[in-house]
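The values are calculated or read from the model by the stated rules, or taken from the named source; none is laboratory data. Just so you know, these numbers come straight off a predicted model, no measurement behind them. Here Cβ is always computed from backbone atoms with ideal geometry, including for glycine, and neighbour counts include all displayed protein chains.
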Amino acid sequence: MPEIYFFTISDITMKNKSDSQDQGTLNRNYLNFYFAAIFAGIILAGLNAGAQVSVVQEKKIDSNFRSWNRDHTPGMELIILSKGKKIWNRSFGEANLASGIPNSNNRPIWVASMSKQFTGIAIAMLVDQKKISLKDDIRKFLPELPITPDTIRVMHLVYHTSGLREGFTLTAMSYKSEEEYTNANVLKYLSRQTGRNFKPGDRFEYNNSGYVLLAIIVERVSKMSFPDFTQQHIFKPLGMDHSRFVPVFPQGDTSMATGYAASVENGQTVYQPAFFRGQTYGSTGLITTADDLVKWDSQFYEPVFGRGVQRLQLQKGKLNNGQPVPYAFGLEIDLYKNKKALTHSGVDPGFKSEMVRFPEERFTVICLANTDDAYNLTNKLFSIAELFIHFDKSVQPARKSDCRIEAGAYMNLETLASMKFLKTKDALAISDSENGYEQPLADIGGCNFLIPGNLGDDYIINNDQIIFRSRADRMIFHAINPVSPDSNEIKSASGAWYSPELDVTYHFFEKDGMLYLKFFEAYDVPLISYAGNLFVGEFLGANTIHFVKDDKGNFSKMEFNREGIRNLTFIRK
């Protein structure tokens, strides 16, 4: 049975109810009844097409974007769809602060990782045409990649279960600038790797370079450039006339929304132009409009590309142990308050994007922002959906948890990933590194916490352990405490270390009784000792350095670990 959304006549007409009673005339009462009936007819007609937006709902929607609802700030484009019809269509802020051009829903904008669902459907098309198989060895199309003990298949790239290291991070670790984040460099550095993060299919680990490789596979199979393939086979059939993949951000395109990075100076928010300088596509690289994404949304209900492609597009993955992965072809698919939800956000310098879809209710919220301070965007769109969709009332927040948690650093001893827990005035917060962004956690009871709006991610506190569950992954983090490093160990760690897989040398040195890493030959990164041979340094996230001793007790090997990178080996030079 379709949802019924109530929009009361009192929101419009009953403001004059007391006037009518005071007059006490038959004519006024008749007119009130007459116009109320007209309004009711209009409203009921609207309900047949989809939900309507009441004054109360409008105010609540606006409250989510109040910070950008003024001149001289960037902002966002927002569309709400119900039963395939626009019921809310509004833009906030300016597309370009220098010219004062406002944002609009037909203005092209960079959507970052939201691009992945278009790469996903391109792969689904080729699978449906039997030009590739999800079970194909990726080396069938990418012979440059090394032979691995266990076959990495196309499906592993689609579902982020390949175990490959993150190619963009490898590029950066090779002292390459963001301008050198190219598809060619991703393939180049992945081709040099002899190690991996895990056995293919054993874990879920979000990996941008997997979708770069998928774009390359599309090109090699179709004999077309990826931008041309998507233009001809996706955007043109859907009438998405303002959408295109580009290999580099078009700085001179004045028709586009300009992206902005936010900072605070003297208590005031200051915006400076910002954009992703990489020259890549597949994982990112899509320029589109909110209006074009309305057309994209429609194909989920009226498949333009056939039922076979749609089935693949919405087909979630599985780990080797049979555990389902709540990720499909560039789409996150999970439950939000017991209702099926499809999402996928995008974040690049200056831009944030999100599209939240409840397919069973045929309800979608699209938001494309040209500012990087649009925090918790996914959660904002979920809160908008709650204004229109009837969610299960039994899904209520539990009582506040009564559990002990010590603020400080925590580490997973298998992957050497680390996180930091903090106690703020109001709640717990988490950061992925010492100086990283502090994200407040919501208490859902039973010593269980989550980041609002993050489907499938939660933190369970168990004495001095934190169990982190992310989609299909589960890791245990233990409390760790810094120790005073031994001077002999600092001396043993100091010097030049070479990585054959990157063809790059890192230098470590002692300063004021601490070990330092000279990163990018420019930054002196202090390393905190946690176990004599285990050091953690803060540089664009947490970096864990593990020195391995030989039979004589000397450091003979160094393993570098950070997000997307496990046990990258360096040897003493």
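Tabulated data for the structure shown
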{"item": "Elements of type strands (runs of 3 or more DSSP E) in the range 468-516, at least 1 residues being in contact (Cβ under 8 Å) with a residue 40 or more places away in the chain, closer than 18 Å to Y175 by Cα and among the hydroxyl-bearing types (S, T, Y)", "result": "495-499, 504-511"}
{"item": "Criterion violated by G84 - all others in (1) outside the structural domain of G317 (by TED's automatic domain parsing); (2) under 20 Å from F235 (Cα atoms); (3) touching a strand residue (DSSP E or B) at 6+ places or on another chain (Cβ under 7 Å) satisfied", "result": "(3)"}
{"item": "Meets criteria (closer than 29 Å to Q310 by Cα, out of contact with any His (no Cβ under 6 Å at 6 or more places or on another chain), surrounded by fewer than 23 Cβ atoms within 10 Å (Cβ to Cβ) and not small (G, A, S)) for L126", "result": "yes"}
{"item": "Entirely in the range 152-224, the helices (runs of 4 or more DSSP H) that have 2 or more residues that are buried (at least 22 other Cβ atoms within 10 Å of the Cβ) and not hydrophobic (A, V, I, L, M, F, W, C)", "result": "167-173, 183-191, 208-222"}
{"item": "Residue under evaluation L450, criteria (1) buried (at least 16 other Cβ atoms within 10 Å of the Cβ); (2) at pLDDT 90 or above; (3) aliphatic (A, V, I, L, M), criterion not met", "result": "(2)"}
{"item": "Search result, residues across the range 332-347 that are in contact with a helix residue (DSSP H, G or I) (Cβ under 8 Å, 6 or more places away or on another chain), outside any strand (DSSP E or B) and surrounded by fewer than 21 Cβ atoms within 10 Å (Cβ to Cβ)", "result": "S345"}
{"item": "Number of the condition not met by N69 [criteria: (1) modelled with pLDDT of 90 or more; (2) under 23 Å from G350 (Cα atoms)]", "result": "(1)"}
{"item": "Qualifying residue in the range 323-330 (condition: assigned to a loop (DSSP other than H, G, I, E, B), of a type in the set (S, T, N, Q) and within 24 Å of G210 (Cα to Cα))", "result": "yes"}
{"item": "Pairs where the first residue, in the range 302-316, is in the same structural domain as T343 (by TED's automatic domain parsing) and closer than 12 Å to I121 by Cβ and the second is surrounded by fewer than 14 Cβ atoms within 10 Å (Cβ to Cβ) and modelled with pLDDT of 95 or more, C-beta under 8 Å, 6+ apart", "result": "V304/P237; F305/P237"}
{"item": "Set N16, N32, N27, N48: member being modelled with pLDDT under 50, over 26 Å from W296 (Cβ atoms) and exposed (fewer than 11 other Cβ atoms within 10 Å of the Cβ)", "result": "N27"}
{"item": "Qualifying residue in the range 549-566 (condition: touching a residue at least 40 places away in the same chain (Cβ under 8 Å), assigned to a strand (DSSP E or B), in contact with an Asp or Glu (Cβ under 8 Å, 6 or more places away or on another chain) and not assigned by TED's automatic domain parsing to the domain that holds S162)", "result": "yes"}
{"item": "Single condition N64 does not satisfy, out of (1) over 21 Å from N207 (Cβ atoms); (2) at pLDDT 95 or above; (3) crowded, with 16+ Cβ neighbours inside 10 Å; (4) within 27 Å of the chain's Cα centre (by Cα)", "result": "(2)"}
{"item": "S115 vs. criteria small (G, A, S) and not in a helix (DSSP H, G or I)", "result": "no"}
{"item": "Selection from the range 350-376 of residues that are assigned to a loop (DSSP other than H, G, I, E, B), within 18 Å of A274 (Cβ to Cβ) and either aliphatic (A, V, I, L, M) or in contact with a Phe, Trp or Tyr (Cβ under 8 Å, 6 or more places away or on another chain) (or both)", "result": "G350, N370, D372, A374"}
{"item": "Qualifying residue in the range 488-510 (condition: under 20 Å from A417 (Cα atoms), modelled with pLDDT of 85 or more and out of contact with any helix residue (DSSP H, G or I) (no Cβ under 9 Å at 6 or more places or on another chain))", "result": "no"}
{"item": "Residue that is surrounded by the most Cβ atoms within 10 Å (Cβ to Cβ) [pool: residues in the range 348-376 that are acidic (D, E) and within 14 Å of the chain's Cα centre (by Cα)]", "result": "E354"}
{"item": "Flag if T8 is modelled with pLDDT under 95 and over 20 Å from T364 (Cβ atoms)", "result": "yes"}
{"item": "Within the range 398-446, considering residues that are hydroxyl-bearing (S, T, Y), touching a Phe, Trp or Tyr at 6+ places or on another chain (Cβ under 8 Å) and closer than 17 Å to A531 by Cα, the one modelled with the highest pLDDT", "result": "Y410"}
{"item": "First in the range 67-85 and within 23 Å of T364 (Cβ to Cβ), second anywhere and of a type in the set (G, A, S) and in a helix (DSSP H, G or I), Cβ under 6 Å, 6 or more apart", "result": "E77/A290; I79/A290; K85/A49"}
{"item": "Any chance N103 is buried (at least 24 other Cβ atoms within 10 Å of the Cβ) and in contact with an Asp or Glu (Cβ under 8 Å, 6 or more places away or on another chain)", "result": "yes"}
{"item": "Residue ID - modelled with the lowest pLDDT, chosen from residues in the range 527-559 that are touching a Gly at 6+ places or on another chain (Cβ under 9 Å) and farther than 16 Å from I571 by Cβ", "result": "G541"}
{"item": "A112 of a type in the set (G, A, S) and touching a residue at least 24 places away in the same chain (Cβ under 8 Å)", "result": "yes"}
{"item": "Flag for L416 being in a loop (DSSP other than H, G, I, E, B), among the aliphatic types (A, V, I, L, M), surrounded by 17 or more Cβ atoms within 10 Å (Cβ to Cβ) and more than 26 Å from the chain's Cα centre (by Cα)", "result": "no"}
